[in-house]
Structures are given as C-alpha cells and as structure tokens.
Amino acid sequence: MNQRVVVTGMGVVAPNGNSLESFEASLRQGRSGIRRIEKLVELNFACQVAGIPQGVDPIAEAYFTEEERLAMNSNMIYASIAAVDAWKSAGLKRPEPGDDEVHWDTGAVIGTGVGGLDTVGDRLVPMTNAGKVRRLGSTCVEQIMSSNVSAKIGGLFGLGNQLTTNSSACTTGTEAIYMATERIRRGLAKRMLAGASEGSSPYIWAGFDAMRVTARGFNETASEASRPMSARATGFVPGAGAGVMLLESLESAVERGAPIYAEIRGGAVNCGGQRMGGSMTAPNAKGVQRCIRAAIADAGIDASEIDAISGHLTATGADPIEVKNWAEALDRAPHALPTITATKSLIGHCFGAAGAIESIAAVLMLRGSFIHASINCEDLHLEIEPYAASVPHKTREMSGLDVIVKAGFGFGDVNGCLILEKWNP
C-alpha cells in the first residue's frame, strides 16, 4: 500500500507570527522576528539577540487550563499551541474535557532538538544542589523528559496510533514530517500530527555561544543580525518556536471534505557518516547531494521540475557549500539554479523546530504563489555571487510555483529533505 499524503492542517508559533495569517504576512513583508534580549546582555553573551515568539502567554491562557499550564515549560507550550491550531485548521474538533474517545487511526511525531533545558536550568539543577528535591513538584519529570512534547499532545487529542519524539539536531523537524509521512503511506495511520518545537532559554543557547557560531557584531541592530548567504554573516541567531502539520491520507481527507494545503510528494533522510569532510558539525557534501536526489526520486519527479528551494542556510561558513550542493544535486548551472531563500533570515535558527517552521513557510509560499525575501544578504558571499539571480532580496510573485524542495542539515552529519507540491484538485 502506498497512500498519497496531504497537509490538511497547520499551526505555527514563530518569532514573527503566532498564527498562519500573521506568519504569512511577515513572510510576504520580509518582517524579522529577531530582537535584542536583555537577559542575554545580563549574562554576557557575545550574541545578545534572538528570535523568541511574542505574545504567547495570552494564547496559552485561552487554550489551556491553569493546571495544564503549570505542568508545561516553553517547549511544551509552543508545541501544544501549534498542535491545537493544526488540529482545528484541519477541520477537526478538539476533544471536550472528560471525552474518553481514543483516535486509534491518528498519531504524532513531534520532535525537539534540546527540549526542556529551561526547566533543568531554572529548577532541577539549583533545587537539587540546594537539597530541596522534595520541592521540585510532581510535574518536573514530564517537563524534562525528551518525549514531553509528543506525550502532552497525545493526551490533548486522545491519540491512539504511534506517538513519539524524534531528535536529530537541526534536521529534527524535517525528519519528523518525513517519518509521519511514511507511516501514512504504508497504511499504518490515517492521520499524523508532525513537526517539532524548541523552547526559549539561555541554557539552550549558551553552548553555541561558547562555540562562537552565533551572530556577533549586530547586537545594536537586531533585525540585521541573521544573515544567511551574506559576506558579513558572523554566525546564526538562536531562535525558538514550533511548527506542526496535520498530515492525512488523501483518501481520508477527501472522505471528510478536509481542506488541503499541499501534498507531500516525497522525502528522504540519511547521514554522511562524518566522513569525506563531514564531521559532528560539518556536512559530508556527498551525503547532502545523495539525500536531495533520493527525495526527488522518491517523489517520482525530475530535478528539472523543482521551482524553488527552501534552504537550511544558517549564516555560517556552511552556506556557500550548501548552495553548491544544491546546484550539484539538481544538475543546474549557477545561472539556472531555482530561486533559493532562507527563512532563518527572518526568524533565526530555531534548532530542532527549524525544519518544521520552515516547512510551514514553504507550504504557505506554495499556496500563495510567492517566495519570501532572503533579507540581509544584499552583500552576497563571494562564492555565492555566481548564483545571485536565484536569491530574492524582495518578495517574488511566482505564478508557476508548483514544487518546493525543503531540506535540513544537522549536527551529526544528518540530512533530511522533503518535496512539497501545490495541491491542484
């Protein structure tokens, strides 16, 4: 059995928008969600800017009871809000309190890269070291366990199919969507919530700041700090948030008259083995190219059908290598590379959630027939200059936009790639 898989719902909590409408408006307007964070100034971080979702507390208060919120950290709140919005936008009814129904045909793959370090840093470590273990409370475990996001979402909707949390560094969100797609394709589920979340905490970002891979030199001009493909890029800007899709078999979606946002035509995941130039922090170029080609083959299309690329593009030294890998994998000359954009220029690098949030951005661009600007890269890196015609500095309207390829490349030399196609009934 090889079911076709479509996107029937989406929810997003991003640094520049907490709904599909506000997020799409920010994409179209090239509006950055990067801000100076006073806590990072106090802690003497070299990078004192970040992409943190704004106005989340009122949404959480409207969606969850006080008791539920007390048992949730930022990672769980972001994921749960995005899941509720995805569920509702798919035309599904959220269970009422006391509802005892189990949805045996519906599951979730909700990933996270680092997870509940805010709980670990704010409560677990200091209270344990102070000999106050008994005051940690009964919800500490569920806030620090790696699977807290999928476990919480499973309980919110009474999910009875596979329920799991994956973690593959920056590839997590892309991989989660691929994993959920495969389960539906094989006929093992009708519907799957799929995506990823990452909390907002200096404890998550500190190690990267120490590695000197975060943006420096733009603390006074936060909106200019995230600079994928720029000659003046100094590293990535840390971000937080969540993106969740409701994936469904085409048969099920048609049967219940569900809205269809796009089709997942195919995908692939692999690893470069940390060989041939690959390492814990650097990609094996051959591995990246093989992953892109495998996704295209899985989708049953030709590389020439790719209209646009939503890159991983982090504003590090890996950007020129990535652009060259795209050209090689798609067998395109520099002047013929599809339009390529970097959503991280607007929201920063949301770590495990990056691929999920950026996949939602890709679907919104497909539906709206546009590619958002990749901001802050008017001064393209010298090695990317040959591809200049493919990099949009302003929003591009694209009436013939039918297929977008979305990829994520993470620590550990792991890769994930999705082929997303506009839905044409």
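So here's what we get for this one:
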{"quantity": "Sole residue being buried (at least 24 other Cβ atoms within 10 Å of the Cβ), out of contact with any His (no Cβ under 6 Å at 6 or more places or on another chain) and over 20 Å from ILE177 (Cα atoms), chosen from SER279, SER226, SER230", "calculated": "SER226"}
{"quantity": "Some residue of the stretch 368-375 being under 21 Å from the mean Cα position of the chain (by Cα), in a helix (DSSP H, G or I) and under 24 Å from ARG265 (Cβ atoms)", "calculated": "yes"}
{"quantity": "Selection count, the stretch 178-200, where residues are of a type in the set (Ser, Thr, Tyr) and under 14 Å from the mean Cα position of the chain (by Cα)", "calculated": "2"}
{"quantity": "Number of the condition not met by MET280 [criteria: (1) out of contact with any helix residue (DSSP H, G or I) (no Cβ under 8 Å at 6 or more places or on another chain); (2) among the hydrophobic types (A, V, I, L, M, F, W, C); (3) under 16 Å from PHE411 (Cβ atoms); (4) assigned to a helix (DSSP H, G or I)]", "calculated": "(4)"}
{"quantity": "Residues satisfying the stated conditions in the stretch 46-84, i.e. in a helix (DSSP H, G or I) and surrounded by 24 or more Cβ atoms within 10 Å (Cβ to Cβ)", "calculated": "SER74, ASN75, MET76, ILE77, TYR78, ALA79, SER80, ILE81, ALA82, ALA83"}
{"quantity": "Checklist (1) without any contact (Cβ under 8 Å) to a residue 12 or more places away in the chain; (2) within 30 Å of THR214 (Cβ to Cβ) applied to SER80, failing item", "calculated": "(1)"}
{"quantity": "Lone qualifier among SER369, SER390, SER374 - being assigned by TED's automatic domain parsing to the domain that holds ASP319 and out of contact with any Leu (no Cβ under 6 Å at 6 or more places or on another chain)", "calculated": "SER374"}
{"quantity": "Leading residue by the ranking (farthest from ARG191 (Cα to Cα)) among those in the stretch 1-18 that are out of contact with any Gly (no Cβ under 8 Å at 6 or more places or on another chain) and of a type outside the set (Lys, Arg)", "calculated": "ASN2"}
{"quantity": "Selection count, the stretch 82-125, where residues are at positive phi and under 18 Å from the mean Cα position of the chain (by Cα)", "calculated": "1"}
{"quantity": "Filtered residues of the stretch 230-277 (kept if part of a loop (DSSP other than H, G, I, E, B), over 28 Å from LEU20 (Cα atoms) and either hydrophobic (A, V, I, L, M, F, W, C) or not assigned by TED's automatic domain parsing to the domain that holds ARG212 (or both))", "calculated": "ALA231, ALA233, GLY272, GLY273, GLN274, ARG275, MET276, GLY277"}
{"quantity": "Residues within the stretch 92-129 that are in a loop (DSSP other than H, G, I, E, B) and either closer than 19 Å to GLY160 by Cα or acidic (Asp, Glu) (or both), tallied", "calculated": "13"}
{"quantity": "Odd one out for GLY137 among (1) at pLDDT 95 or above; (2) at positive phi", "calculated": "(1)"}
{"quantity": "Failed criterion for GLU397 (all others in (1) surrounded by fewer than 24 Cβ atoms within 10 Å (Cβ to Cβ); (2) within 30 Å of MET280 (Cβ to Cβ) hold)", "calculated": "(2)"}
{"quantity": "When residues of the stretch 283-307 are limited to those that are out of contact with any helix residue (DSSP H, G or I) (no Cβ under 7 Å at 6 or more places or on another chain) and small (Gly, Ala, Ser), the one farthest from ALA356 (Cα to Cα)", "calculated": "SER304"}
{"quantity": "Residue selected from the stretch 236-259 under the condition in contact (Cβ under 8 Å) with a residue 24 or more places away in the chain and surrounded by fewer than 17 Cβ atoms within 10 Å (Cβ to Cβ), by the criterion nearest to the chain's Cα centre (by Cα)", "calculated": "PRO259"}
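The values are calculated or read from the model by the stated rules, or taken from the named source; none is laboratory data. Keep in mind the model is a prediction, meaning the values are calculated, not measured. Neighbour counts run over all protein chains shown; Cβ positions are idealised from the backbone, glycine included.
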